[in-house]
Amino acid sequence: MSVLVPALKSAYPNKQVIAAGGIANGSSILSALAAGADAVSIGTRFIASSEASVSREYKKAIVDAGMGDIVLTERLSGTPCNIINTDYAKSIGYRQNFIERWLNANKQTKKYFKALVQYRGAKKLERAIMPGNYQSLWSAGQSVELVHDILPCAEIVNKLIAETDEEFLKLCSLFS
């Protein structure tokens, strides 16, 4: 992000740049803003919120996981995405098999196969977030490392604001 955000700001000076990925606390927000981002987008942190309409197991998996538990898979959409490395994720694998890769690369089948893979992946994720589903396939980023509790969204936002302010003051004190 420390290279991408300034590069985007330089390439698109009249556009807003919103940083995303790995942002779950005040220091990561401040880092993105210091790199030149106009705003941040936070995903994984809000999965572990009271209001998130996902299963309690999914929320607990976010809290219990560390960044080493996050793996990249192309099985869900045909393009890489991060998931928690559950037993179910291990059982379906992370890479497309030979036939899937061929269908994905073939000029005549690519468009239809990609749509099918994305549809099937979305359905798997949709089913996995429901309570009582044994197929635990949960999307999450490495910022799970920074998530330690399930809180209401308002409390998460207030905590993020307070942490960002605190980190900013600490940083300013280094230069005074």
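For the reader, a short list of remarks on this structure follows.
- The simple Förster model, with R0 at 22 Å and r as the Cβ-Cβ distance, assigns residue 155 and residue 18 a FRET efficiency of 0.45.
- Test item: Cα-centred dipole of the chain, Lys/Arg +1 and Asp/Glu -1 on Cβ, debye: 1180
- Cα→Cβ-extended label distance, 7 Å offset, between residue 169 and residue 91, nm: 5.1
- Extreme residue, positive dipole direction of the chain, given options 171, 26, 99 (C-beta unit charges): 99
- The range 29-72 shape via C-alpha gyration tensor axes, a/c threshold 1.5: oblate
- Placing +1 on the Cβ of every Lys and Arg and -1 on the Cβ of every Asp and Glu, with nothing else charged, gives the range 80-127 a dipole about its Cα centre of roughly 220 debye.
- Per residue, the chain exposes 60 Å² of accessible surface when a 1.4 Å probe is rolled over the protein heavy atoms with every protein chain present.
- Whole-Hz couplings from phi, Karplus 6.51/-1.76/1.60, listed for the range 40-46; x for Gly and Pro: 10, 10, 10, x, 3, 4, 7
- Neighbour net charge for residue 21 - beta-carbon separation under 15 angstrom, K R +1, D E -1: 0
- Sulfur and carbon atoms: percent of accessible area, the chain [1.4 Å]: 59
- Out-of-range pairs (alpha-carbon distance over 21 Å; input 59/124; 90/123; 59/114; 90/124; 59/123; 59/159): 59/114
- Along principal axes, Cα extents of the chain, largest first, whole Å: 61, 42, 25
- Net charge contributed by nearby residues that have their C-beta within less than 15 Å of residue 8 (K/R +1, D/E -1): +1
- Panel values: the range 1-85, Kirkwood radius from alpha carbon pairs, Stokes-Einstein at 37 °C and 0.692 mPa s, translational diffusion coefficient 224 µm²/s.
The values are calculated or read from the model by the stated rules, or taken from the named source; none is laboratory data. What you see is a predicted model, and the numbers here were worked out from it, not measured in a lab. Note that each Cβ is placed from the backbone with ideal geometry, even for glycine, and that neighbours are counted across all protein chains shown. We work out accessible area using only protein heavy atoms, side chains counted, and drop any ligands, DNA or RNA first. Shrake-Rupley method; radii C 1.70, N 1.55, O 1.52, S 1.80 Å.
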